[in-house]
Amino acid sequence: MKMVELLKMTTRHQRIKFIREAGYNTFLLRSEDVYIDLLTDSGTNAMSDQQWSAFMRGDEAYAGSKSYYRLEEAIQKYYGYKYIIPTHQGRGAENILSQILIKKGDIVPGNMYFTTTRLHQELAGGSFHDIIIDEAHDPNNEFPFKGNVDLNKLDALVKKYGAKKIPYVSIATNVNMAGGQPISLKNLKELRAYTRKHGIRIIHDMTRVAENAFFIQQREAGYERKNIKTIVKEICSLTDGATMSAKKDALVNIGGFMATNDWDVFEEARNRVVIYEGLHTYGGLAGRDMEAIAIGIEESLSDAHQHARVGQVEYLGHKMESFGIPIVKPIGGHGIFVDAKAFLPHLRQDEFPAQALAAEIFIDSGVRTMERGVVSAGRKQNGENYYPKLELVRFTMPRRVYTQAHMDVVAESAAAVFEKRNKIKGLKMVYEPKYLRFFQARFEPLKK
Amino acid sequence: MNKKPTRALAEPFKIKMVEPLRITTEAYRQEALARASYNPFLLTSNDVFIDLLTDSGTGAMSDRQWAGMMVGDESYAGARSWQHLEKVVKQLTGMAHILPTHQGRAAERILYGILGGKNKIFLSNTHFDTTRANIEFTGATAIDLMPEASLDPELELPFKGNIDLKKLEDAIRQHKPENIAAVIMTVTNNSAGGQPVSMENLQQVRKICDANNLLLVIDGCRIAENSYFIKHREKGYENKTYEDIAREMLSLGDVFVMSAKKDGMVNMGGLLCLRDDALSLKCTNLLIISEGFTTYGGLSGRDMEALAIGLTEVFDPDYLHYRIRSTAYLGERLKAKGVPVVWPIGGHAVYVDAKKLYKQIPVEEFPGQALVCDLYVKGGIRCVEVGSVMFGKYDEQGKLIPAENELVRLAIPRRVYTQSHIDYVLDTFDDILELQGKKHGLRIIYEPPALRHFTARFEQIHN
């Protein structure tokens, strides 16, 4: 460690008050009241001394900044996409790309939804269709590539709606909502062959592509001896464009980009980015942020870094398993996903078991986690709740921030809550915003 | 009248970190400009010596702000840095709802996306380029209501940024209050030469809005600079602090949008502040979709920390005096050389009247863009056209409807360049004045459908 950030310790009594004030929603807690913050791995990373020094040479010129060209070069070199547009974060890129490619009534198949991605697809007039393999929805299935696409599901959509109605297939590496699960290169190659035949693009949601590449190296035949850098480049080469939140793999606190190999898409994106984000050579990012991303991309492709990164997640997962806590398997790349349905079998899904569990863990130890279940899934366009098969609490690991001793605290806290799981009550939602309700919804404990 | 010789205006700060600049030759710059299709927005910053393209996000932060960057809390939700920023902005605006955004145009897009729409009308002293684009993008119409006198670049008036109150009332009557989405007051008025708005004008606008039940938006990315002019030009404000004046202005608005990259003294950031609960709720929904969660809105923790500190530094009397006077230094000396400039000099930039300086070039050939190109070739200086490239439109026959004025803006980044750099700019204008017949107009060979000045490509016209 070269720089540390001090943490505040709180008492159980204080934490009961904090979570009540936050409406039993961990998003609404103040960070200073949190001891170990596993809410998200997005933008919570520790930068390296190399990134901090690049930060200092960030060029803040409005147009044609040197830092922009460094970022462009890094993306072209390591990911291989031809044209790039920086954005302030991933959702900025999703917004622009969805608007350009999706027409009203279009169908967007993908390997499981992600909250902001699906919303931008819907706002652009499209509808999302899940084509991930069935194994992904079963938390106990140990299939090594639960991020894979079921080509039969895609083929059924093409037959039903016609390829013209499908502007692109949306492929995430790793699949966040499935528990940080990878897609295999074999599956991606088959998908490429199929989409090429039907003239459909593949757009790559590449926020955790290096973590996906690590799993390919560890699990897929023929890739044992290839380094992560090579695997990442191969993944990208099988797709036509990408959106990226650089706040994950790329080891920064803010930033994203859109990339494409298609000049027309690039030109249209350049015209739109200036309205939403900023001129195309900064896209809403300070020069110094573009520098830090360029270096973070390179650092994220180091085999040693990914080994330590995914290794830490596995350490926590194995420890939880040894306490008998039900978790999604195999263990994913960026966090441990606890199966709240199995943890709290006495609660119905509309009593928000994952939300209740996240609140209880905070009360026990000051560890902040996130609900990924019925609250996150939101409502369908007809107003009904989505009831996802997976009702999870996500323990997400910021990169390079916490030590192994911190992980021990987290596992022991989960175990302590597991001991008295029968006493945990469900919640009722008392405030619900229109979009992305998980961020701001408020709850009260049920009486019974 | 005998005037004491003016003494040097030294900066109320010293340099703690430097950024080396590259010196290029005129021949090199000729080539670089041709590669950039005669649009300086397409130059790489490496090829620019003095960058007066914009004062937006190009300022130098203080050591206190850099220290704040180090304590930035990068937690996704409820970060300490957010609480710090929220507290500072609430104190300044007195508004209940503070939404951070990655920059000003995001705040505008959210707000005008909700208020705008087909058949809606926005009235303003002058809409800035991105403001207008955001409004027109929703299908609404943006109408500028400047007093006739203010359109004369030479006339000396203390508050040339004011809205014409009579025109405002007429417009409300003509379009009916129910069709008017909002009145927007831009302070200072950027497109009109960085000219200030008076408190009195703003108070009158408030009255008119109240009488017609209209929403008043203050677009205040340069509100501290505007406060300086009020204190020094408007009766009754001589003894008030700049911060008090800004607070009083903001107390007259219903909504405050700010690109923090100007008077926020930072390289990235924006704010959307509101009083109304219902409107704020709608804005918050859109914020989360497109910008980020409510406690970071697309900014890193350290950016929020730097902004919280910048918003207090900007009201320092020594800083504001230096800021306004150093801009005036460039403008007054250009005028003394015989370069026609918009008068009086505004807060953040000097605007050269290219219609006069390049009168041999017809407006259809963009005299402002021609001057911008010459300043780059002669001095490596980058600036921007604020004329028919930025605001021109086409009629149904495809003929150019020119902008009101053909200006070139020399925007001064905050705390970046020294007086020697500015003297160098002045010397470059000597070369421009000697050019005489060797000036070339331009024709557009590529333009996008909106905000064309950013990415349009040109070629020189050689007769």
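The values are calculated or read from the model by the stated rules, or taken from the named source; none is laboratory data. If you're wondering where the values come from, they're calculated on a predicted model, not measured in any experiment. Note that each Cβ is placed from the backbone with ideal geometry, even for glycine, and that neighbours are counted across all protein chains shown. These accessible areas exclude ligands, DNA and RNA; they are computed on the full protein's heavy atoms, side chains included. Shrake-Rupley method; radii C 1.70, N 1.55, O 1.52, S 1.80 Å.
I'd like the distance separating the alpha-carbon centroids of the range B:243-309 and the range B:406-445, in whole Å.
34
Working from Cα positions, state the angle (0 to 90°, nearest 10) between the long axis of helix A:90-101 and the longest principal axis of chain A.
Rounded to the nearest ten degrees, it is 50.
Could you pull out every residue, at least 5 positions away or on a different chain, whose amide H is within less than 5 Å of the one on A:Val169? Hs are placed 1.01 Å off N in the peptide plane, and Pro or chain starts have none.
A:Arg201, A:Ile202, A:Ile203
Could you tell me how many degrees, from 0 to 90 and to the nearest 10, lie between the Cα long axis of helix A:287-300 and the main elongation axis, the longest principal axis, of the Cα atoms of chain A?
80
With an 8 Å Cα cut-off and a minimum separation of 6 or more residues, compute the relative contact order for chain A in percent.
23
Rounding to the nearest 20 debye, state how big the charge dipole of chain B is about its Cα centre with +1 on each Lys and Arg Cβ and -1 on each Asp and Glu Cβ.
For this selection, approximately 300 debye.
Tell me the per residue accessible area of the range A:282-388 using a 1.4 Å probe; a whole number in Å² is fine.
Per-residue value: 29 Å².
If you look at just the Cα atoms of the range B:47-110, how large are its Rg and its Dmax in Å?
When restricted to Cα atoms, the range B:47-110 yields Rg and Dmax of 15.1, 45 Å.
Which ³J(HN,Hα) values in Hz, rounded to whole numbers, follow from the phi angles of the range A:429-445 under the Karplus curve 6.51 cos²θ - 1.76 cosθ + 1.60, where θ = phi - 60° and Gly and Pro get x?
Karplus values, whole Hz, x for Gly and Pro: 7, 10, 9, 9, x, 5, 10, 6, 5, 4, 5, 10, 4, 10, 10, 10, x.
Using alpha carbons only, what's the Rg to Rh ratio of the range B:181-301 with Rh from Kirkwood?
Using only Cα positions, Rg/Rh for the range B:181-301 is 0.99.
Dipole of chain B (Lys/Arg Cβ +1, Asp/Glu Cβ -1, origin at the Cα centre): which of B:Ser56, B:Thr101, B:Ala328 lies farthest to the positive side?
B:Ala328
Can you quote the Å³ per residue value for the convex hull of the Cα atoms in the range B:128-174, rounded to an integer?
Convex hull of Cα atoms, per residue: 82 Å³.
How much accessible area is lost when chains A and B come together, counting both sides, with a 1.4 Å probe, in Å² rounded to the nearest 100?
5000
Tell me which aspartates and glutamates have Cα within less than 13 Å of A:Lys77's Cα, excluding those fewer than 8 residues away on the same chain?
Filter leaves A:Glu234, A:Glu298.
Connecting C-alpha atoms closer than 10 Å in a GNM of chain A, tell me which of A:Met56, A:Met206, A:Met320 has the biggest fluctuation.
Result: A:Met56 has the largest fluctuation of those listed.
Among the listed pairs A:Lys146/A:Lys329; B:Lys355/B:Lys439; B:Lys231/B:Lys262; B:Lys337/B:Lys438; B:Lys231/B:Lys335; A:Lys164/A:Lys233, give every one whose C-alpha distance is greater than 18 Å.
B:Lys231/B:Lys262; B:Lys337/B:Lys438; B:Lys231/B:Lys335; A:Lys164/A:Lys233
Give me a comma-separated list of calculated 3J(HN,Hα) values for the range A:398-406, in order, Karplus coefficients 6.51, -1.76, 1.60 applied at θ = phi - 60°, integers in Hz, x for any Gly or Pro.
Working through the residues one at a time gives x, 7, 6, 9, 9, 9, 5, 5, 4 Hz.
About its Cα centre, what dipole magnitude does the range A:313-418 give when the only charges are +1 on Lys and Arg Cβ and -1 on Asp and Glu Cβ, stated in debye to the nearest 20?
Once rounded to the nearest 20, the dipole reads 420 debye.
Can you quote the Å³ per residue value for the convex hull of the Cα atoms in the range A:1-86, rounded to an integer?
166
Using only DSSP helix segments of four residues or longer, with each worth -39500 (n - 2.57), what per-residue ellipticity at 222 nm results for chain A after dividing by its residue count and rounding to 500?
That calculation yields -12500 deg cm²/dmol at 222 nm.
Can you work out the FRET efficiency for the pair B:Glu169 and B:Leu400, with r the C-beta to C-beta distance and R0 = 35 Å, to the nearest 0.05?
Once the sixth-power term is evaluated, E becomes 0.65.
Using only C-alpha atoms and all pairs of different ones, pull out the Kirkwood radius for the protein assembly as shown in Å with one decimal.
The answer is 28.8 Å.
Note down the relative contact order for chain B as a percent, whole number, built from C-alpha pairs under 8 angstrom at least six residues apart.
Contact order relative to length: 23 percent.
Per residue, how much accessible surface does the range B:169-305 expose to a 1.4 Å probe? Answer in Å², no decimals.
Heavy-atom SASA per residue in the range B:169-305 reads 29 Å².
Keeping all protein chains in place, calculate the accessible area per residue for the range A:404-448 (probe 1.4 angstrom), answer in Å².
55
Would you mind giving the mean number of other chain beta-carbons within 10 Å of the Cβ of each residue in B:309-315, as a whole number?
Shielding by partners across B:309-315 averages 0.
Given contacts defined as C-alpha pairs under 8 Å and at least six residues apart, what's the relative contact order of the range B:71-185, whole-number percent?
Relative contact order comes out at 25 percent.
In the range A:274-290, what residues drop by 10 Å² or more in accessible surface going from the chain by itself to the full protein assembly, probe 1.4 Å?
A:Val274, A:Ile275, A:Tyr276, A:Glu277, A:Leu279, A:His280, A:Tyr282, A:Gly284, A:Ala286, A:Arg288, A:Asp289
Can you tell me the Rg and Dmax of chain B, counting just the alpha carbons, in angstroms?
21.6, 63
Could you rank the peptides A:87-99, B:30-42, B:392-404 by their average count of other C-beta atoms within 10 Å per residue, with the highest value first?
Per-residue Cβ counts within 10 Å, averaged per peptide and sorted highest first, yield A:87-99, B:30-42, B:392-404.
For a 27 Å ceiling on Cα separation, which of these pairs sit above it: A:Lys380/A:Lys423; A:Lys104/A:Lys380; A:Lys2/A:Lys248; A:Lys104/A:Lys341?
A:Lys380/A:Lys423; A:Lys104/A:Lys341
Give me, ordered by chain and number, the residues 5 or more places off A:Val108 or on other chains with an amide H under 5 Å from its own placed amide H.
Here the answer is A:Ser127, A:Phe128, A:His129, since their amide H atoms fall under 5 Å of that of A:Val108.
Check the straight Cα-Cα distances from A:Lys160 and name the aspartates and glutamates below 19 Å, setting aside those fewer than 8 residues away within the same chain.
A:Asp106, A:Asp130, A:Asp150
Looking at B:Gln436, A:Tyr435, B:Tyr112, which one has the Cα that reaches farthest to the positive end of the dipole of the protein assembly as shown (charges on Cβ: Lys, Arg +1; Asp, Glu -1)?
Working it through, the farthest residue towards the positive pole turns out to be A:Tyr435.
Applying the Karplus parametrisation 6.51 cos²θ - 1.76 cosθ + 1.60 with θ = phi - 60° to the phi angles of the range A:267-278, what ³J(HN,Hα) value in whole Hz is obtained for each residue in order, glycine and proline being reported as x?
5, 5, 5, 4, 6, 7, 4, 5, 6, 8, 10, x
Average partner chain C-beta neighbours within 10 Å, per residue of B:437-450?
Neighbouring Cβ atoms belonging to other protein chains average 1 per residue here.
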